[in-house]
Amino acid sequence: MNEKRYPPGDLAIWIFILAELLVFAIFFASYAFTRASHVELFNIHQLQLDTDIALVNTLALITSSYFVVRAVKAISVGKRSECVKWLLGAIFMGLIFLVVKSVEYAHHYSNGINLRTNLFYMFYFSLTFFHYMHVIMGVVILSVVTYKGYSGGYSAAEHTGIETGASYWHMVDLVWLILFPLVYVMR
Amino acid sequence: MKFESQKVAMPYFIAAIGLFVGQILFGLIIGLQYVVGDFLFPEIPFNVARMVHTNLLIVWLLFGFMGAAYYLVPEETETELHSPKLAILMFWVFLVAGALTILGYLLVPYAGLAQMTGNELLPTMGREFLEQPTITKIGIVIVALAFLFNIGMTVLKGRKTVVSLVLFIGLVGLAVFFLFSFYNPDNLVKDKFYWWWVVHLWVEGVWELIMGSILAFVLIKTTGVDREIIEKWLYIIIAMTLITGIVGTGHHYYWIGTPEYWQWWGSIFSALEPIPFFMMTVFAFNMVNKRRRNHPNQAAVLWALGTAVMAFLGAGVWGFMHTLAPVNYYTHGTQITAAHGHMAFYGAYVMIVLAMISYSMPLMRGRKAANSNKSQVMEMWSFWLMTISMVFITLFLTGAGILQTWLQRFTETPQPFMVVQDQVSLFYWMREIAGVFFLIGLVVYIASFFVGGEEATESKARSSV
Amino acid sequence: MSKKSISVNQATLVYFILVVLTLLAWLVTKTNISGVHVSMVILLVSLLKGHLVGDYFMGLNRVNSFWRWAIVVWLLIPGVLIGYAFLI
């Protein structure tokens, strides 16, 4: 089998990806170990979280990741406008995530719950906010890539930029796939 | 040396070394005062000597950074410096202002200095490392602005390279964050919070950009490795610096009265701050291994490799040792901090300036590439003397710090500060001896500038790796 | 030599699997099923989802071992740590 040596996209983004994953991994582990000493506290407040809204968010991110895969597929056979459509769909899904998450945050704040409320919420806000920032960054990257794709900057032969943006976006999705069950579900 | 205006770096480097000597002399004074409490009292009390020691360090490093910029930016941008005259003028302004400030510290009681310099109009004095009178601080801002203008215009005029852009961003950051030294809130928590916006965001932030870009420059010149490869490494390194270092500021916010989440954020992000330094080490050794030539200036290569290693050890490893909140709870403000601080500053910033001087001075003095073998050997001796001395200083202070933390904080029956200081005094004596060897190394370093002889060539160059 | 590339159909299949697994996890929160064993299952399922994203969406299944295994390791080590932390 002709195995590629390097993952898709610019190698530099993969170093970023590894670094970001490292930070999140440490955060996840910290959450889990802290929870072990405060099981009651974590269990009680976890129930206050809205899992329905989180489901919407999870589905939005998974779908947007899928759209990005379709976009890369499209450009790899030269279908420029199809690629752009898939990317726009992915961005739209990403924006849904951001809007929904913002609504969730607004709801918390209106109930007087914030980063300093207790240890569980400290982790909840830290983890989700940190992730949220990465979703924003991902949407920005995808937008840049979409614009360039729209202006004819990519082709079947050369579309490293799209693959680079795609890889970053998948990382954002990947992190959420662990974050969601860890914080919202596992008890 | 390709452009005449690069020569303005020379006075900056000479002043830097001169102030470095002053810094070490005062370091020896305070080191001795640790164990002979009334040494030079009351003429030069500890707190005054300490201010002189720390302020000289920062000022000479600033001279070094400016010299490095004046040397490398014209070469990178392939155009003459915008205004060599302005550079020389600012040199004298900075030097005189600095000298007057140091004299002020030494000759006038601090409160009197504050009064004399009109501190009450805009109070900025009285904080560690930022003891300078407000007028000095304003002077620093003016010098910095003129410097940035000069470098900025040069970069705008000429070829834009990753090295020069990263350096420029780092220098702009240095100037911007220095402005926080003017913000002096009454609230003690806020005071401390923002103080670190100068100190941390300097040495664990924008100064790393400066160090990285200078290291990249020296490696490009001495190894002949493709610029693109080196520049890509530089991007990744500074990205890691900013990703870890910005929120990593939180490791200074554990106990000053800020919310508890800082103990988590600070611990997690700052734990990763060694990564860029680790990368710099791999980067430096990798580039030298892949080199396409044996550059005649092997001393410069030695400094370049050495700075990466010592920075990783001092800033990265020693920093990591006391960065996690549960550890820092016990070690905060002990000799562990001093140990880390000394090796970190030496490894990252002293050595990168010395590396740059090592590379550029011979060229500015008319050599084609490097000094004579004899001179380089002497310089390499000074490298080992200073570096090994610093390692011992750090080890002794670490020992003092561990014992201090244990006796003063961790045991069931903690002992008072001064009682513990008595018990760690042996470490202080040993540190002082190591400090003397460091000074010897510095003297050898200076002497190497006066050793002449036939220029080393590529074939005759003694490889240091 | 043909490069093994993820087909659109494969990607779509993976997508549906991810959606289904997510809905299952959500259903667990709707009922009152709790307890360590359930959490372990949820954790393992999540790691599997992550692996699918890594291999199929990120396209790592046809790439040099180091990068592929980097993601696997990223799933495994925190996964084990999290699992351990929930069990103690």
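The values are calculated or read from the model by the stated rules, or taken from the named source; none is laboratory data. Source: prediction; values computed, not measured. No Cβ is skipped: glycine too gets one built from the backbone with ideal geometry, and neighbour counts run over all protein chains shown.
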Checklist line | Positions within the stretch B:214-241 being without any contact (Cβ under 8 Å) to a residue 60 or more places away in the chain and more than 14 Å from every other protein chain (Cβ to nearest Cβ), in sequence order | finding: B:ALA216, B:ILE220, B:ASP226
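Does A:VAL175 count as within 14 Å of chain C (Cβ to nearest Cβ), within 30 Å of A:VAL39 (Cα to Cα) and buried (at least 21 other Cβ atoms within 10 Å of the Cβ)? Before you say what the answer is, go through the steps one by one.
On the way: within 14 Å of chain C (Cβ to nearest Cβ): yes; within 30 Å of A:VAL39 (Cα to Cα): yes; buried (at least 21 other Cβ atoms within 10 Å of the Cβ): yes.
Yes; evaluated as a whole, the condition is true for this residue.
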Next item on the list: Sort out which residues of the stretch B:397-453 are under 30 Å from B:PRO362 (Cβ atoms), assigned to a loop (DSSP other than H, G, I, E, B) and among the hydrophobic types (A, V, I, L, M, F, W, C), and write them in order of number.
Entry: B:PHE449, B:PHE450, B:VAL451
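Might you let me know whether the stretch A:1-10 holds any residue that is more than 8 Å from every other protein chain (Cβ to nearest Cβ) and either on the phi > 0 side of the Ramachandran plot or at pLDDT below 95 (or both)?
Our first condition is that a residue be more than 8 Å from every other protein chain (Cβ to nearest Cβ); within the stretch A:1-10, this holds for A:9-10.
Restricting the remaining residues to those that are either on the phi > 0 side of the Ramachandran plot or at pLDDT below 95 (or both) gives A:9-10.
Yes, that holds for at least one residue.
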Notebook entry, point to check: Which of the residues that make up the stretch A:132-149 are out of contact with any Leu (no Cβ under 6 Å at 6 or more places or on another chain), touching a residue at least 12 places away in the same chain (Cβ under 8 Å) and not hydrophobic (A, V, I, L, M, F, W, C)?
Noted result: A:TYR132, A:HIS134, A:GLY138, A:SER143, A:LYS148, A:GLY149
Checklist line | Scan of the stretch B:324-350 for residues that are over 19 Å from B:PHE392 (Cβ atoms) and of a type in the set (A, V, I, L, M, F, W, C), ordered by number | finding: B:LEU324, B:ALA325, B:VAL327
Check: Which residue out of A:ILE75, A:ILE91, A:ILE15 is facing another protein chain (nearest Cβ under 10 Å) and not polar (S, T, N, Q)?
Finding: A:ILE15
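Here are some residues: A:PHE24, A:PHE28. Which one is within 7 Å of another protein chain (Cβ to nearest Cβ) and at pLDDT 90 or above?
Numbers: A:PHE24 fails: within 7 Å of another protein chain (Cβ to nearest Cβ).
On inspection, the qualifying residue turns out to be A:PHE28.
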Checklist line | Only one of C:VAL45, C:VAL20 that is facing chain A (nearest Cβ under 8 Å) and either over 28 Å from A:ASP10 (Cβ atoms) or in contact (Cβ under 8 Å) with a residue 24 or more places away in the chain (or both) | finding: C:VAL45
Checklist line | Where a residue in the stretch A:26-44 is over 19 Å from C:PRO78 (Cβ atoms) and its partner, wherever it lies, is outside any helix (DSSP H, G or I) and at pLDDT 95 or above, with Cβ under 7 Å and at least six apart | finding: none
Check: Got at least one residue in the stretch B:429-448 being crowded, with 17+ Cβ neighbours inside 10 Å, at pLDDT 95 or above and polar (S, T, N, Q)?
Finding: yes
Check: B:TYR70 fails exactly one of the following numbered conditions: (1) farther than 22 Å from B:LEU439 by Cα; (2) out of contact with any Leu (no Cβ under 7 Å at 6 or more places or on another chain); (3) in a helix (DSSP H, G or I). What is the number of that condition?
Finding: (2)
Notebook entry, point to check: In the stretch B:170-193, which residues are more than 25 Å from B:PHE149 (Cβ to Cβ) and either of a type in the set (Asp, Glu) or crowded, with 16+ Cβ neighbours inside 10 Å (or both)?
Noted result: B:ASN184, B:ASP186, B:ASP191, B:LYS192, B:PHE193
Margin query: So if I check each of C:PHE66, C:PHE16, C:PHE86, which one is modelled with pLDDT of 90 or more, more than 12 Å from the chain's Cα centre (by Cα) and of a type in the set (Phe, Trp, Tyr)?
Written below: C:PHE16
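Any residue that is of a type outside the set (Ser, Thr, Tyr), in contact with a helix residue (DSSP H, G or I) (Cβ under 6 Å, 6 or more places away or on another chain) and facing chain C (nearest Cβ under 7 Å) - is there at least one of those in the stretch A:44-59? Step through it out loud before you land on a result.
Within the stretch A:44-59, the first condition is being of a type outside the set (Ser, Thr, Tyr), and the residues that meet it are A:44-50, A:52-57, A:59.
Now drop any that are not in contact with a helix residue (DSSP H, G or I) (Cβ under 6 Å, 6 or more places away or on another chain), which leaves A:45, A:49, A:53-57.
If we keep only those that are facing chain C (nearest Cβ under 7 Å) as well, we get A:55.
Checking the stretch A:44-59: at least one residue is of a type outside the set (Ser, Thr, Tyr), in contact with a helix residue (DSSP H, G or I) (Cβ under 6 Å, 6 or more places away or on another chain) and facing chain C (nearest Cβ under 7 Å).
Collect the residues in the stretch B:33-77 that are over 30 Å from B:LEU167 (Cβ atoms) and not aliphatic (A, V, I, L, M), keeping them in residue-number order. If you could, list the steps in order and put the result at the bottom.
We begin by selecting, within the stretch B:33-77, every residue over 30 Å from B:LEU167 (Cβ atoms); these are B:33-50.
Within the stretch B:33-77, B:GLN33, B:TYR34, B:GLY37, B:ASP38, B:PHE39, B:PHE41, B:PRO42, B:GLU43, B:PRO45, B:PHE46, B:ASN47, B:ARG50 meet the criteria.
Per-residue answers, yes or no, for (1) among the aromatic types (Phe, Trp, Tyr); (2) exposed (fewer than 15 other Cβ atoms within 10 Å of the Cβ); (3) not in a helix (DSSP H, G or I):
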position	(1), (2), (3)
C:SER5	no, yes, yes
C:GLN10	no, yes, no
C:LEU23	no, yes, no
C:VAL28	no, no, no
C:ASN32	no, yes, yes
C:SER39	no, no, no
C:VAL45	no, no, no
C:ILE77	no, yes, no
Checklist line | Whichever residue in the stretch A:105-126 is within 11 Å of chain B (Cβ to nearest Cβ) and free of Cβ contacts under 8 Å to residues at least 60 places away in the same chain and, among such residues, is nearest to the chain's Cα centre (by Cα) | finding: A:PHE125
Notebook entry, point to check: Got a sec? Which of C:GLY59, C:GLY54 is touching a residue at least 12 places away in the same chain (Cβ under 8 Å), facing chain A (nearest Cβ under 7 Å), on the phi > 0 side of the Ramachandran plot and not hydrophobic (A, V, I, L, M, F, W, C)?
Noted result: C:GLY59
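Name the residue that is farthest from the other protein chains (Cβ to nearest Cβ), counting only residues in the stretch A:31-43 that are surrounded by 17 or more Cβ atoms within 10 Å (Cβ to Cβ) and over 29 Å from C:ASN61 (Cβ atoms).
Per the criteria, the residue is A:PHE42.
Take residues that are of a type in the set (Gly, Ala, Ser) and crowded, with 21+ Cβ neighbours inside 10 Å and tell me which of the helices (runs of 4 or more DSSP H) falling wholly in the stretch B:262-371 contain 2 or more. Spell out the reasoning first.
Numbers: elements: B:274-289, B:298-311, B:318-321, B:325-331, B:335-344, B:351-364.
Of the helices (runs of 4 or more DSSP H) lying wholly inside the stretch B:262-371, those with at least 2 residues that are of a type in the set (Gly, Ala, Ser) and crowded, with 21+ Cβ neighbours inside 10 Å span B:298-311, B:335-344, B:351-364.
Identify, from the list A:TYR105, A:TYR31, the residue that is closer than 28 Å to C:ALA85 by Cα, hydroxyl-bearing (Ser, Thr, Tyr), in a helix (DSSP H, G or I) and touching a helix residue (DSSP H, G or I) at 6+ places or on another chain (Cβ under 7 Å).
Working: A:TYR105 fails: touching a helix residue (DSSP H, G or I) at 6+ places or on another chain (Cβ under 7 Å).
Selected residue: A:TYR31, the only one of A:TYR105, A:TYR31 that is closer than 28 Å to C:ALA85 by Cα, hydroxyl-bearing (Ser, Thr, Tyr), in a helix (DSSP H, G or I) and touching a helix residue (DSSP H, G or I) at 6+ places or on another chain (Cβ under 7 Å).
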